[in-house]
Amino acid sequence: MPSAAKLRFDGRVAIVTGAGAGLGREYALLLASRGAKVVVNDLGGSHVGEGASQRAADVVVEEIRKNGGEAVADYNSVIDGAKVVDTAIKAFGRVDILINNAGILRDRSIIKTTDQDWNLVLDVHLKGSFKCTQAAFPHMKAQNYGRIIMTASNSGIYGNFGQANYSAAKMGLVGLANTVAIEGQKNNIHCNVIIPTAASRMTEGILPDILFQELKPSLIAPVVVYLCHESCEDNGSYIESAAGWATKVHTVRGKGAVVRPSIDEPSTLEYVQSAWNKVTDMSQATHINSISEASGSLLQVLENLKAGD
Ligand code: NAD
């Protein structure tokens, strides 16, 4: 059962990108209801990244103010991350929380994907998240505090037909989060990944109707907003959430196998083939926590080979 004390964000300033609709709107509303001052960023274009309008951000800002909260609108594209962060600094003097959420789709099969489809999707998701993070980072470093969210997708983790650009961008964000988590750690800047599934204009017509009704974005907001709270110690976690359910996701590595006869002999194609069942056996898979742990285990493999094991 939850404790009686409410988790608050008084004194904290949060930027939520793409907060004019869908998931971002829910994050902004919840943060503001718990005392955060919120920058509601939204370019206000279509779901394929065409056009722009101030209305999307304005409506959410009005909603927050009507509920007694504090918010300002920002209409810049996330690609201009410095401008987005500047809005927070000018309005509220600091930035504690950055939720990189803005996104678009340009779904096409690989053969039909144009350079424009590729570039726009990579720019908004991956470059936009990088530019906002890069601009927020010095402020977070100076105050020795920050909470950053990257938004990935099961389309990236598992692949999805017609989403080469989107899935590449979303897995790129996992890689970006891994490094932001490492670079931020000593300054109490945490970076975590949300992998959501929710009903929004982005998933309308894609998710089956019966599922669509159940997948309210408001059910994901508490998970994402908790990740942004000072009491949440996670850093570098990937959290999947939908329909009021959440779980941690992580990569695993198999035990592996040596694919050469001995330390004095080279690897051959045939040797690889003969060891393939062991190479691909995941029955003893484990999670690797860091690049040094990964390299360290390679050294152990070499030592075992030298010892003739
Ligand atoms: P949505 O379309 O309702 O919201 C995205 C918002 O981002 C829109 O309001 C849009 O105007 C804004 N936006 C687009 N380009 C922008 C830019 N360049 N600068 C600033 N704002 C911009 O979609 P959603 O479903 O709420 O998606 C939110 C995030 O969650 C996206 O990153 C999406 O890829 C991700 N996601 C969603 C789902 C899902 O099931 N809905 C699944 C996986 C990942």
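Every number here is computed from the coordinates shown, using simple stated rules; none is lab data. No experiment lies behind these values; they were computed from the predicted model shown. Quick reminder, even Gly has a Cβ in these numbers, built from the backbone with ideal geometry, and neighbours come from all protein chains shown.
What's the magnitude of the charge dipole for the chain around its Cα centre, counting Lys and Arg as +1 and Asp and Glu as -1 at the beta-carbon? Answer in Debye, nearest 20.
Dipole size: approximately 620 debye.
Which value, in debye to the nearest 20, gives the size of the charge dipole of the range 148-274 about its Cα centre, when Lys and Arg are +1 and Asp and Glu are -1 at the Cβ?
With Lys and Arg at +1 and Asp and Glu at -1, about 60 debye.
Going by how many other Cβ atoms sit within 10 Å of their own, how do 255, 141 line up, fewest first?
Result, fewest neighbours first: 255, 141.
Given a cut-off of 24 Å, name the pairs among 37/170; 37/83; 83/248; 37/66; 6/83; 6/66 whose C-alpha atoms lie farther apart than that in the structure shown.
37/170; 83/248; 6/83
So which GluC sites (Glu not before Pro) in the range 157-243 pass both tests, a DSSP loop state and at most 10 other Cβ atoms within 10 Å of the Cβ?
233
Using +1 on the beta carbon of Lys and Arg, -1 on that of Asp and Glu, and nothing else charged, what's the dipole of the range 1-66 about the Cα centre, debye to 20?
380
Based on the mean of other Cβ atoms within 10 Å per residue, sort peptides 278-289, 165-176, 9-20 so the most packed one is first.
Packing proxy ranking, top to bottom: 9-20, 165-176, 278-289.
How would you rank 161, 130, going from fewest to most other Cβ atoms within 10 Å of each one's own Cβ?
161, 130
Apply the Karplus curve 6.51 cos²θ - 1.76 cosθ + 1.60, θ = phi - 60°, to the phi angles in the range 104-114 and return the couplings in whole Hz, x for Gly and Pro.
Once rounded to whole Hz, the list reads 9, 10, 9, 6, 7, 5, 3, 5, 8, 5, 8.
At 222 nm, what value in deg cm²/dmol follows for the chain if DSSP H runs of at least 4 each add -39500 (n - 2.57) and the sum is divided by all its residues, to the nearest 500?
Per the formula, -12500 deg cm²/dmol.
Which residue, chosen from 205, 105, 180, occupies the Cα position most advanced towards the positive end of the dipole of the chain, where the dipole is computed from +1 (Lys, Arg) and -1 (Asp, Glu) charges on Cβ about the Cα centre?
180
Specify the angular offset, from 0 to 90 degrees and rounded to the nearest 10, of the alpha carbon long axis of helix 269-279 from the longest principal axis of the alpha carbons in the chain.
Roughly 60 degrees between the two axes.
Mind pulling the angle between the C-alpha long axis of helix 55-66 and the longest principal axis of the chain? Nearest 10 degrees, somewhere in 0 to 90.
70
Just for the Cα atoms in the chain, what are the lengths along the principal axes, largest first, rounded to whole Å?
In descending order, the Cα extents are 73, 45, 39 Å.
Helix 81-92 sits at what angle to the longest principal axis of the chain, using alpha carbons and giving 0 to 90 degrees rounded to 10?
So the helix axis and the longest Cα principal axis differ by about 40 degrees.
Among 257, 302, 287, which residue has its Cα positioned farthest towards the positive end of the charge dipole of the chain, with +1 placed on the Cβ of Lys and Arg, -1 on the Cβ of Asp and Glu, and the dipole taken about the Cα centre?
287
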